[in-house]
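A quick write-up on the structure given underneath.
The values are calculated or read from the model by the stated rules, or taken from the named source; none is laboratory data. Quick caveat, the model's predicted, so the values are computed rather than measured. Quick reminder, even Gly has a Cβ in these numbers, built from the backbone with ideal geometry, and neighbours come from all protein chains shown.
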Amino acid sequence: MTALPAGAIDCDIHPSVPSVQALMPYLEDHWREQVVMRGIDELNSISYPLNSPLTCRADWKPASGRPAADVATVAREALDPFRTSVAIANCLYGVQLLFSEDMGAAFARAVNDWMVKEWLDREPRLRASIVVPTQNVEMAVDEINRCAADKRFVQVLLLVSGDTPLGRRHHWPIYAACEKHGLAVGIHAGSSYHNPPTPVGWPSYYTEDYVGQAQAFQTQLTSLICEGVFTKFPNLKVVLLESGFTWLPAHLWRLTKYWRGLRMEIPWVDRAPGDIVRSNVRFSLQPVDGPPDQASLLKLFDHLQSDELLLFSTDYPHAQFDGMAALPDGLSAELARKIAIDNPRATYARLMETVA
Amino acid sequence: MNEIRSQATPDVQAASKVGVGDGDIHPARKGPKDFHPWLSKRWQDHLEQYGSPARQGWQVGPAYPKSQPNASRRDAYPPEGGRPGSSLEFMQSQHLDANNIELGILNPLGSGQGVQNPELSAALCHATNEWQLAEWTSKDNRLRASVVVPYEDPVASAAEIRRYAGNPAFVQVLLLSRTAEPMGSRKYWPIYKAAEEAGMPVGVHAFGYGGNPITPGGWPSYYIEEMTGHSQSQQAGLTSLVVEGVFERFPALKMVMIEAGFAWAPSLAWRLDKHWKTLRSETPHLKRLPSEYLREKVWWTTQPMEETESPARLAETIEWMGWDRLIFATDYPHWDFDDPAHVLPMKISEEQRRAFFIGNARKVYRGCAG
């Protein structure tokens, strides 16, 4: 096991909304009434079935209730043991699944205000991502502008699969707002399930859905590059969260080959896809969906052609590794430090502004 | 990629002394009436009046306009006229002879697969199969046919496979990768059963219109996204085949993934293994690590070869898969043709070269041991 340097920056942890009741104080009157009157249930997406062995590691599973549902638990399980200096909270609550734009916006506001009061104000090591109603880009931008004044928000959170590919132009106001405020764009595993979760329809098993997240990330990376997002927003940092990363070299070989053959279709893409990724795109570490042997993993790191792409993450409380083995075996101390500290610092412009 | 060539690259002979197998050749019709000898009057009239729409919006042509007319090499138009791939004589001189092709697998496209009307789909697929016999395999013994099946009607597909099970001209069953449901779904199992019984591998070629958006995040804008995305569609199809337990249910089944790259295979295998270990309580029907099914039951055709920055990275990637997994293919006459003289930029052993260029194909395709 590679030793994790002290003061690591954990770029992907998942505090849970304990129940819709916890959000009630943060919902406006109208929406609070709707929740009661209509019997609106928990917004728990099928992306993480509540009791699946992946959704919560066995030793992090509470006797009752949801995992990672309060600050003390998260500090005890995710921050203290790893000597984490800062952790970025990505709240996965099914706001993006709602079909009503207004309801999506209302729940996004509630989740963000809850995040500030219940988490950021109580634990100085925490930072967070802004949850936005991706159902409506204007509303998403409004929410970014509303939250951006609080510098403890370091990123905007999108799900990898929504209604339309993330590179498409109607999403660009979100990226403009992120660039303006110095926020990264975090794209996390998960779906609004407004489209089937695979390009060939609905699978039978959760295993397929989860494994298939990597393919969803691949197509979104293609979209962001081909539509010219990074030509328009050269300073934008996009972080793929819980995406896996071992697929990246093969994907770039294929995309680059087609870019050479087909760039007449997308003339605004004036740099090779690999160069764009190395300057603008980062990946959270967990899950390390890598080869079982250390020698092959090191070859894979060579195929990545950069030691700046990976950002440390535990993906707490999801089950991605045992015990304290958050870093894969065989990394040099130098690479471990880059992944744990230097790369996150270089990626999140706001991170340093708020560190005492 | 569109340089006009009057003859094969000079060093091709040296590169392929062993003879070359080509796992992906696309024969084309000369005209819309080529299938008429095998279509009833009813379907001839139907085609005239209603066409043969698939699950996409254009009456004619692909959902995403191609980069070249007919997606073809500019130098592949037969001198006597007609579409690239429609003249056996020109295919022989430009490709089979020039590139030392000893075994060529025909994968006809635009052959009724994925057509909305299931009966029309079946009729067109059957006509395509008869046409392969009459116009291609009977005239050149280097060529072998694929049983083209109307895969959204698996019962009709199984009947079509059984019809040709005894005919040595047919060496694989052909599907397209963008099916309506994930490929491992029970719906398609009659196809795998019939293919297993016939001893034919099931080839899965890129494209097809299953009716789903071609990414889990909706429809992309560009042809380059569609082309790059074939690898994701095939990864989803393979994931489904493995997780549904198709390889447990049909232990002799072999799959050949065609024209969607291969360098993604190791990462897919690692990811499947990692998460299956966590989630295995969901799939007690799987008796082995997912990667083991991929390692033993699945082959990949090579075109379009991933091009790596250093040859060592390509070699390492192939070693992760195994040199016995790859079947060389050119995609003749399409624009992104891979030239056998140039696809392998690194030094490899004669044994690896033979396996890559023809040995693996001879083992996989029925009756092609030579």
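For region B:321-351, give me the residue count where each residue is part of a helix (DSSP H, G or I) and surrounded by fewer than 19 Cβ atoms within 10 Å (Cβ to Cβ).
Adding up the residues that qualify gives 4.
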Would you mind finding the one in B:SER86, B:SER138, B:SER93 that is at pLDDT 95 or above, of a type in the set (Gly, Ala, Ser), over 20 Å from the mean Cα position of the chain (by Cα) and over 27 Å from B:LYS254 (Cβ atoms)? B:SER93
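This table checks each residue for (1) modelled with pLDDT under 95; (2) touching a Gly at 6+ places or on another chain (Cβ under 8 Å); (3) of a type in the set (A, V, I, L, M); (4) crowded, with 23+ Cβ neighbours inside 10 Å.
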residue: A:GLY290; (1), (2), (3), (4): yes, no, no, no
residue: A:SER296; (1), (2), (3), (4): no, yes, no, no
residue: A:LEU304; (1), (2), (3), (4): no, no, yes, no
residue: A:GLY323; (1), (2), (3), (4): no, no, no, no
residue: A:ALA333; (1), (2), (3), (4): no, no, yes, no
residue: A:MET352; (1), (2), (3), (4): yes, no, yes, no
Which residue, of A:PRO173, A:PRO165, is touching a helix residue (DSSP H, G or I) at 6+ places or on another chain (Cβ under 8 Å), under 22 Å from B:TYR209 (Cβ atoms) and either crowded, with 24+ Cβ neighbours inside 10 Å or more than 9 Å from chain B (Cβ to nearest Cβ) (or both)? A:PRO165
Considering region A:188-227, residues that are of a type outside the set (A, V, I, L, M), more than 8 Å from chain B (Cβ to nearest Cβ) and in contact with a Pro (Cβ under 9 Å, 6 or more places away or on another chain), and then whichever is nearest to A:ASN136 (Cα to Cα), we arrive at A:GLN213
Has region A:60-76 got at least one residue that is surrounded by 15 or more Cβ atoms within 10 Å (Cβ to Cβ), farther than 21 Å from A:THR207 by Cα and basic (Lys, Arg)? yes
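This table checks each residue for (1) at pLDDT 95 or above; (2) surrounded by fewer than 24 Cβ atoms within 10 Å (Cβ to Cβ); (3) among the charged types (D, E, K, R).
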residue: A:GLU179; (1), (2), (3): yes, yes, yes
residue: A:LEU183; (1), (2), (3): yes, no, no
residue: A:ILE187; (1), (2), (3): yes, no, no
residue: A:TYR193; (1), (2), (3): yes, yes, no
residue: A:VAL211; (1), (2), (3): yes, no, no
Give the residues of region B:46-103 that are out of contact with any Phe, Trp or Tyr (no Cβ under 7 Å at 6 or more places or on another chain) and charged (D, E, K, R), sorted by residue number. B:GLU48, B:ARG74, B:ASP75, B:GLU80, B:ARG83, B:GLU89, B:ASP97, B:GLU102
Test each condition in (1) buried (at least 24 other Cβ atoms within 10 Å of the Cβ); (2) among the aromatic types (Phe, Trp, Tyr); (3) within 11 Å of chain A (Cβ to nearest Cβ) for B:TRP300 and report the one that comes out false. (3)
Collect the residues in region A:276-303 that are within 12 Å of chain B (Cβ to nearest Cβ) and among the β-branched types (Val, Ile, Thr), keeping them in residue-number order. A:VAL288
What number of residues within region B:107-123 are in a helix (DSSP H, G or I) and surrounded by fewer than 24 Cβ atoms within 10 Å (Cβ to Cβ)? 4
